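A.B. asks: Okay, handing you the structure first.
Quick note: the coordinates plus some simple rules give every number you see, no bench work behind them. Quick caveat, the model's predicted, so the values are computed rather than measured. Please note: Cβ atoms are built from the backbone with ideal geometry, for glycine as well, and neighbour counts cover all protein chains shown.
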Amino acid sequence: MTPLPRRAALLGAASMMGAATISDHGDLPGGSGLNERAMRGNRFYGAAIDHRILAADRPYMAQVVRECGAVTAEAAFKWGAIRPKPGSFDFEHADKLMAFAARHAMMVRGHTLLWHEDNPAWLVDTLTPANAECLLVAHIRTVAGHCRNRVVHWDVANEVLRPEDGKPFGLRDTLWTRAMGPECLDAAFHACAAADPTALRCLNDYGLDYGWDGDERKREAMLALLARLRARGVPVQALGTQAHLDAAIPALSQAKLARFCADVASLGLKIVITELDVRDNQLPADPAVRDAAVASHARAYLDAMLDSPAVLGVLSWGLSDRRTWLNDALPRDDKLPQRPLPLDDQLRRKPMWQAMVDAFAAAPPRA
Ligand code: G3I
């Protein structure tokens with residue numbers, strides 16, 4: 001794959017602007033942030049931002065400026081946010097995030113154009129084999145066209161694999177695969193390439209992290225799917241691996257992760273760690289115990305992944321424990337908030353932050 005000069009320039013700019021904006025926020029002690037540390041090895045760091053935080057939590061966003069060279073939206077680029085009605089597009093939250101990123105010279109990841117969740121009721125109710133391709137292609141052309149030159153990576157398709165569904169190529173049984181079959185992926189990637197040829201086109205998924213059989217099967221299915229897409233001329237350029245990790249799981253296999261990265265790279269593809277967080281819902285209550293386990297788990301994962309030159313960078317799904325989807329989706333039995341992110345709920349750097357700094361420092365620099 002060709003190098004990414006525009007992205008490299010943008011990331012270089014992000015680093016320089018980051019230094020300038022830190023001094024604009026003189027109330028922020030503590031030296032250079034995660035993106036600057038990642039940049040030393042020619043990688044980047046960023047975080048997913050909820051639109052309510054962008055609108056209303058200035059201290060949080062000041063930390064985003066300090067720590068991040070990239071942002072994505074938890075929901076603002078999805079069909080659910082952009083397509084409340086069939087005939088119109090609402091870019092309010094996406095535009096606000098892209099404007100914030102432009103002000104701070106950060107790159108933006110768009111997430112996502114094809115997913116089985118967070119779709120408006122009108123789409124779910126009206127999608128048919130007859131209208132699906134037209135709807136999908138029109139949506140992607142409009143959204144990726146609107147964001148052209150502002151979104152630097154697109155998660156074109158999200159969470160497409162579920163081998164246990166028994167569908168061809170391990171694909172998930174979704175509204176899109178039911179309407180279009182596996183060709184929904186071909187159509188989505190081609191439409192994105194036509195609308196914005198310069199954005200890096202990613203296939204994003206979860207469950208690719210651990211040594212156990214389920215994740216091993218999913219890695220195998222992902223490699224076979226990526227190879228098939230490449231062989232058919234589908235313009236996929238990178239794998240996004242979400243990395244929703246669990247600090248209580250011992251089965252992290254660095255050897256399998258390294259092998260997987262090498263196999264993805266051998267297909268000519270890049271890799272982005274797109275949604276890193278480390279859940280602690282099965283750990284004891286003591287915050288120090290949880291923070292140590294989360295940090296060492298993140299370090300072990302990043303050490304294996306960042307060894308691969310194909311891995312361009314890391315985003316976490318949120319920056320601070322102040323807001324994480326995990327408290328809704330997987331609450332702790334004791335109802336304590338989880339601590340899965342680099343900053344705590346008071347926006348202070350945690351052991352996970354230090355583990356990430358150390359992993360960036362230990363990784364071989366990318367050429
Ligand atoms: O924007 C509306 C708001 O207007 C309304 O008042 C509010 C009422 O609940 O809902 C808001 O929309 C919510 C949206 O997040 C924005 O906050 C949706 O209900 C809610 O379902 C949506 O949840 C997001 C979810 O994906 C579904 O899109 C989570 O924040 C987001 O963290 C989660 O992210 C996913 C990744 O896309 C894929 N990987 C897993 C990850 C976690 O589930």
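A.B. asks: Could you name the lysines whose alpha carbon sits less than 19 Å from that of LYS218, not counting residues in the same chain fewer than 8 places away?
C.D. replies: Here the lysines satisfying the reach criterion relative to LYS218 are LYS167, LYS256, LYS270.
A.B. asks: Rounded to the nearest 10 degrees, what's the angle between the helix 58-67 long axis and the longest principal axis of the chain, both from Cα atoms, 0 to 90?
C.D. replies: With both axes taken from Cα atoms, the answer is about 90 degrees.
A.B. asks: Describe numerically, in nm with one decimal, the distance between label points set 7 Å from Cα along Cα→Cβ at ASP328 and at ILE249.
C.D. replies: The answer from the label model is 2.2 nm.
A.B. asks: Would you pull out the residues with amide H under 5 Å of ILE271's amide H, same chain only if 5 or more places away, H placed 1.01 Å from N?
C.D. replies: Under 5 Å from the amide H of ILE271: LEU239, VAL311, LEU312.
A.B. asks: List THR174, THR112 from most exposed to least, where exposure is judged by having the fewest other Cβ atoms within 10 Å.
C.D. replies: Starting with the residue having the fewest Cβ neighbours, the order is THR174, THR112.
A.B. asks: If you find the alpha carbon centre of the stretch 317-353 and of the stretch 41-84, how far apart are they in angstrom?
C.D. replies: Answer, in whole Å: 16.
A.B. asks: Just want the ordering: GLU133, GLU36, from fewest to most Cβ atoms lying within 10 Å of their own Cβ.
C.D. replies: Result, fewest neighbours first: GLU133, GLU36.
A.B. asks: On full extension of the chain, what length is gained from ASP213 through ASP118, given 0.36 nm per residue of separation minus the C-alpha to C-alpha distance?
C.D. replies: 31.3 nm
A.B. asks: Determine the shape class of the chain: with a ≥ b ≥ c the square roots of the Cα gyration tensor eigenvalues, call it rounded for a/c under 1.5, and otherwise prolate if a/b is greater than b/c, oblate otherwise.
C.D. replies: Because its axes are fairly even, with a/c under 1.5, the chain counts as rounded.
A.B. asks: Distance in nm between label sites at THR198 and GLU220, each 7 Å beyond Cα in the beta-carbon direction?
C.D. replies: 4.2
A.B. asks: Roughly how tilted is helix 254-266, in degrees to the nearest 10 and between 0 and 90, from the longest Cα axis of the chain?
C.D. replies: Once rounded, the angle reads 50 degrees.
A.B. asks: Still on this structure, I have one more. Which lysines have a Cα lying under 27 Å from the Cα of LYS85, excluding residues fewer than 8 positions away in the same chain?
C.D. replies: Hits, sequence-local ones excluded: LYS96.
A.B. asks: Moving to a separate point now. Percent antiparallel among DSSP beta bridges with both residues in the chain, to the nearest 5?
C.D. replies: Around 5 percent of the beta bridges assigned by DSSP in the chain are antiparallel ones.
A.B. asks: Rounded to whole Hz and in sequence order, give me ³J(HN,Hα) for the stretch 37-48 from the Karplus expression 6.51 cos²θ - 1.76 cosθ + 1.60, θ = phi - 60°, writing x for Gly and Pro.
C.D. replies: For the stretch 37-48, the Karplus curve yields 5, 5, 4, 4, x, 6, 10, 10, 10, x, 8, 7 Hz.
A.B. asks: Sticking with this structure for a sec: Kindly express, to the nearest 10 degrees and within the range 0 to 90, the angle between helix 213-231's C-alpha long axis and the longest C-alpha principal axis of the chain.
C.D. replies: For 213-231 against the chain, the angle is about 60 degrees.
A.B. asks: Under 5 Å between amide hydrogens, which residues at least 5 positions from THR72 or on another chain qualify, with H placed 1.01 Å from N in the peptide plane?
C.D. replies: Correct list: ALA47, ALA48, ILE49, ARG109.
A.B. asks: Could you give the length gained by full extension between ASP345 and ALA362, i.e. 0.36 nm per residue of separation minus their alpha carbon distance, to one decimal place?
C.D. replies: This chain segment gains 3.4 nm when fully extended.
A.B. asks: Rank the residues VAL272, VAL357, VAL124 as a footprinting-exposure proxy: fewest other Cβ atoms within 10 Å of their Cβ go first.
C.D. replies: Fewest-to-most Cβ neighbours within 10 Å comes out as VAL124, VAL357, VAL272.
A.B. asks: Where a Cα-Cα gap under 30 Å defines reach, which lysines qualify for LYS335, not counting those fewer than 8 residues away within the same chain?
C.D. replies: LYS78, LYS350
A.B. asks: So for the pair THR128, ALA258, with labels modelled 7 Å out along Cα→Cβ, what separation do we get in nm?
C.D. replies: 5.5
A.B. asks: Report, in deg cm²/dmol and to the nearest 500, the calculated mean residue ellipticity at 222 nm for the chain, where each DSSP H run with n ≥ 4 adds -39500 (n - 2.57) and the sum is divided by the residue count.
C.D. replies: Value at 222 nm, helices only: -13500 deg cm²/dmol.
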